[in-house]
Amino acid sequence: MIKSLKHLSYLLKIREKDLDDLLNNIENYYYEKITEKTNDDGSIKLKNGVPDLRIINPSIHRLKAIQKRLSKVVLSKIQIPSYAYGGIKGKDNIKNANVHKGKKFNFTTDLSAFFPSINNKQVYEMFISFDFSPDVASKLVKLTTYKGKVPQGAPTSSLIANLVFIKTGNKLSQLAIENKLAFTTFVDDITLSGSECFKEKIQSIIQIINNDGYLISHKKTHYKAGNKIVTGVGVGQNGLTQTNSLKNKILKEKDKDSPKYKGLINYKKRIFSFNNPIYACPKPLSPD
C-alpha cells in the first residue's frame, strides 16, 4: 500500500511537519462525551441500579478533517470482506438483516466495548498485514487511536475496527462455510443463521471470538428458532418486518408532517421493500 511518509503526506494533503505537530498535540483534538444508554422503549438503561453510560471520544477540528480524508483516500481502498456490513458505504443494517431472511435458526451476539477493546498494537499489525511500511503504519496508528485504543466517535474508527476484525471474521466465515451458514458482522454485532440447527457450534463460535481477545455481551447473546431481530430489523421465514420498537416510535409521533415522522415512515417502507424478489437473500458460500 503506502511505503513512504512523503506519499502519505501527499495523500492527506498535509506537510509532514504539520502532521507531526498535530500528532504531538493529539489530546487537543479529542473531547469526551458521556450519554446515558436507553432501552428500545426510550427508558434509561440501568446497570447495577444506576444509569448505564456510553463514553465516546469524537475527534475535532483539523484531526477530524484529516481522518475523513484518510478514510476516503486510504482506508476505503482496502478490500473489506463481503460479510461486513457496518460502517461501509452502500451497506446498512437492513441489508445486513436481509442476508438472514428465510433462515430458521439464528445466533446473534454483541462484542462488549468493541472499539476500546482494539489496541494500538492490533491496529499497527493490521496496517503491516496490508503492506504498509513500518514508519507509515506507526504514523497511521497515531492518527487513528487515542490513549492506545480505537476511539468511538472518530470518522476512521468503524473502518479501522472492520479491518482489524478481519483476522477473527475470516475464522468465523470459514466455520460458516463449512456448516452452510450465513454469517455477517455489523460493527460489533455478529450474526450467523442457517436452515438446520447448529446449536452445537455455538461454543466454537464464542471460542473463536474469545481467543482473539474479544468479549461478548451475554445479555445480547441469543440462539433461537423462528422469527428474530437482527440489527434492529424483524427477520422471519417469509421476509423482513418492522420491530415493535419502530411501530411504537411511529405511533408516538403526533405531527405527521414532521421530518422525523416522514423519516420513520420511509425507513419502514425500505424494510418492507426488501421482501421484493429482487432482494432474495444470498445463499451461504459453498465450501467447494
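Of the residues making up the range 148-163, those that are of a type in the set (S, T, N, Q), open to solvent by 10 Å² or more (accessible area, probe 1.4 Å) and part of a helix (DSSP H, G or I) are 158, 162. Out of all the residues in the range 15-34, which are surrounded by 11 or more Cβ atoms within 10 Å (Cβ to Cβ) and β-branched (Val, Ile, Thr)? 26 - this is the single residue of the range 15-34 that is surrounded by 11 or more Cβ atoms within 10 Å (Cβ to Cβ) and β-branched (Val, Ile, Thr).
Of all residues in the range 164-206, exactly one satisfies the criterion of being closer than 20 Å to residue 68 by Cβ and touching a strand residue (DSSP E or B) at 6+ places or on another chain (Cβ under 9 Å), namely 187.
Among the residues of the range 196-217, those identified as more than 18 Å from the chain's Cα centre (by Cα) and either modelled with pLDDT under 95 or loosely packed, with under 13 Cβ neighbours inside 10 Å (or both) are 196, 197, 199, 200, 203, 207, 211.
Restricting attention to the range 1-14, the residues that are farther than 16 Å from residue 135 by Cα and open to solvent by 40 Å² or more (accessible area, probe 1.4 Å) total 1. When the criteria are applied in full, residue 149 fails the requirement of being in contact (Cβ under 8 Å) with a residue 24 or more places away in the chain, out of contact with any Phe, Trp or Tyr (no Cβ under 8 Å at 6 or more places or on another chain) and among the charged types (D, E, K, R).
Residue 85 meets all of the listed conditions (1) crowded, with 19+ Cβ neighbours inside 10 Å; (2) within 22 Å of residue 54 (Cα to Cα); (3) within 12 Å of the chain's Cα centre (by Cα) but one, namely (2). Residue count for the range 253-288, restricted to those that are part of a helix (DSSP H, G or I) and either open to solvent by less than 100 Å² (accessible area, probe 1.4 Å) or modelled with pLDDT of 90 or more (or both): 16. Restricted to the range 35-53, and to residues there that are free of Cβ contacts under 8 Å to residues at least 24 places away in the same chain and of a type in the set (D, E, K, R), the residue that is most open to solvent (accessible area, probe 1.4 Å) is 47.
Looking at 123, 73, just one residue is at pLDDT 95 or above, among the β-branched types (Val, Ile, Thr), more than 25 Å from residue 203 (Cα to Cα) and under 19 Å from the mean Cα position of the chain (by Cα), and that residue is 123. When 168, 145, 109, 185 are checked against the criterion of being open to solvent by less than 40 Å² (accessible area, probe 1.4 Å) and over 27 Å from residue 196 (Cα atoms), a single residue qualifies: 145.
Screening residue 125 with (1) more than 29 Å from residue 3 (Cα to Cα); (2) open to solvent by 40 Å² or more (accessible area, probe 1.4 Å); (3) charged (D, E, K, R) gives one miss only, at (1). In the range 245-276, the qualifying residues are those that are in contact (Cβ under 8 Å) with a residue 12 or more places away in the chain and of a type in the set (S, T, N, Q), and the one that is nearest to residue 96 (Cα to Cα) is 275. Residues of the range 202-244 that are touching a helix residue (DSSP H, G or I) at 6+ places or on another chain (Cβ under 7 Å), within 12 Å of residue 109 (Cβ to Cβ) and not in a loop (DSSP other than H, G, I, E, B): 205, 208, 209, 216, 223, 230. Exactly one residue out of 201, 180 is of a type outside the set (A, V, I, L, M, F, W, C) and in contact with a Gly (Cβ under 7 Å, 6 or more places away or on another chain): that is 180.
The values are calculated or read from the model by the stated rules, or taken from the named source; none is laboratory data. Note that the structure is a prediction, hence the values are computed from the model and not measured. With ideal geometry, Cβ positions are generated from the backbone for all residues, glycine too; neighbour counts draw on all protein chains shown. To get the accessible areas, we keep the full protein, side chains included, count just its heavy atoms, and leave off ligands, DNA and RNA. Shrake-Rupley method; radii C 1.70, N 1.55, O 1.52, S 1.80 Å.
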